[in-house]
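Have a look at the structure below, then the notes.
Readers should treat all values here as calculations from the given coordinates under stated rules, not as data from a laboratory. Predicted model only: the values in this text are computed from it and were never measured. In this analysis, Cβ positions are derived from the backbone assuming ideal geometry, glycine residues included, and neighbour counts consider all displayed protein chains.
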Amino acid sequence: MTDNPFFNLDDLERWDQIAPAMDPPARLAVIGDPIAHSRSPQMMNAALRKRGIDAQYIRVRVPPGSVKEAFRLFARHGFLGVNCTIPHKFEAMKAVDAVDPLAAKLGAVNTVLIRDGKFAGFNSDGPGFLRSVEEAFGKRVRDLRVLILGAGGGAGRAVAVQCALEGCPGLILANRTLAKAEPLAAECRRLSARTRVETCRWDDDALREVVDRIDLVVNATPLGMKEGDARVIDSALIRPSHLVFDMVYRSGSETPLVKSGRDAGAKVCDGLTLLLHQGAISFAHWFGEPAPLEVMRAGLMSAA
Ligand code: NAP
């Protein structure tokens, strides 16, 4: 295994010099910018070892605008697949040769399968979110009324569309820039006649009006990743009956939203659960077999 925290595009250009020193060979990667914080290698490498696959998973920092070039280099160097994280999920969708129908609906690609120099794009965030909610709360999204805070980014969009595809009874989309949530709301209405879809201004007064008719609160913004970030929601608005799902995770500590939810007596789940389940779905896309979930979970936790 490599101890390198991450590689970059220049390294991929001269991969022929780097690769001989790598054992097992790098065959999978996560790309993003920044990327050093990603905990995906710990869980993916644990899974590869468990399955006896002679490959390792690395991090590569790829700047915006260079995703297609990175894919070309990965294919040239014999990589099997790639995960894409912030900010590459939209760019990846344009850079692949074929987009899986679910990824097309969710509007983003976070998993790429490389075969014979061609790239197929999938989305494991949406289905990973469903599995995470089931695992953390013992509930199915189709039975929950959901509030998404941050319905203007890729993660918020994927979760909103996945909730609509499940036919959840209620979906409230809040976003700093409300205008961005409106077209998404219209799309969710088209996808599910059963779902009552609303948009909501993101301020305390507007949220106070809606919190008593929701079950699940989702943070789909990057707020909480960094010390000093603004709060996602006033903790006084969190009810003990709420299920609080933060897509964000932090190294070694809980996120402020998870802490607020716990203090309010609500059930909570942070982004590590999502990271695990979306990663397991990516693994299944690459290898055509279920991932060793508990081994991946242990690998993820050992990185804390
Ligand atoms: P993104 O595109 O950067 O998210 C943009 C969204 O966040 C928009 O709705 C934006 O509002 C809002 N936002 C950004 N800064 C804000 C601020 N200061 N105040 C209020 N709203 C703000 O990122 P993304 O790809 O959607 O991902 C969002 C988060 O989910 C990231 O932290 C990502 O790491 C996490 N995530 C985690 C997993 C996992 O496996 N755990 C998977 C996917 C995503 P405007 O529209 O107003 O700009």
Quiz item: Quick one: which of V232, V248, V244 is surrounded by 15 or more Cβ atoms within 10 Å (Cβ to Cβ), under 24 Å from the mean Cα position of the chain (by Cα), assigned to a strand (DSSP E or B) and at negative phi?
Solution: V244
Quiz item: Is there a residue being in contact (Cβ under 8 Å) with a residue 40 or more places away in the chain and closer than 23 Å to G153 by Cβ anywhere in segment 46-60?
Solution: yes
Quiz item: When the residues of segment 208-221 are filtered to those that are within 16 Å of the ligand (Cβ to nearest atom) and under 19 Å from T195 (Cα atoms), which remaining residue is surrounded by the fewest Cβ atoms within 10 Å (Cβ to Cβ)?
Solution: L216
Quiz item: Considering D54, D11, which residue is farther than 24 Å from T273 by Cα and not in a helix (DSSP H, G or I)?
Solution: D54
Self-check item: Test: residue in segment 193-203 that is aliphatic (A, V, I, L, M) and either within 13 Å of the ligand (Cβ to nearest atom) or touching a Ser or Thr at 6+ places or on another chain (Cβ under 8 Å) (or both)
Solution: no
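Condition check: near the ligand (Cβ under 10 Å from one of its atoms) and at positive phi. Does G279 satisfy that? Write out each step before concluding.
Numbers: near the ligand (Cβ under 10 Å from one of its atoms): yes; at positive phi: no.
So G279 does not fit the description; no.
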Self-check item: Subset of segment 259-300 that is free of Cβ contacts under 8 Å to residues at least 24 places away in the same chain and part of a helix (DSSP H, G or I) - its residue that is farthest from the chain's Cα centre (by Cα)
Solution: R262
Self-check item: Candidate set from segment 163-182 (those that are within 12 Å of the ligand (Cβ to nearest atom) and in a helix (DSSP H, G or I)); member that is surrounded by the most Cβ atoms within 10 Å (Cβ to Cβ)
Solution: A181
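Taking the condition of being within 7 Å of the ligand (Cβ to nearest atom) and part of a helix (DSSP H, G or I), how many residues in segment 141-156 meet it? So that I can check it myself, show each step before the final result.
Taking segment 141-156 and keeping what is within 7 Å of the ligand (Cβ to nearest atom), we get 150-156.
Now narrow it down to the ones that are part of a helix (DSSP H, G or I): 154-156.
Qualifying residue count, segment 141-156: 3.
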Exercise. Scan segment 97-113 and give yes if some residue there is among the small types (G, A, S), part of a helix (DSSP H, G or I) and more than 15 Å from the ligand (Cβ to nearest atom), otherwise no.
Key: yes
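For (1) among the aliphatic types (A, V, I, L, M); (2) in contact with a Ser or Thr (Cβ under 6 Å, 6 or more places away or on another chain); (3) under 20 Å from Q278 (Cα atoms), each residue gets a yes or a no:
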| position | (1), (2), (3) |
| --- | --- |
| L106 | yes, no, yes |
| R115 | no, no, no |
| R131 | no, no, yes |
| G156 | no, no, yes |
| V159 | yes, no, yes |
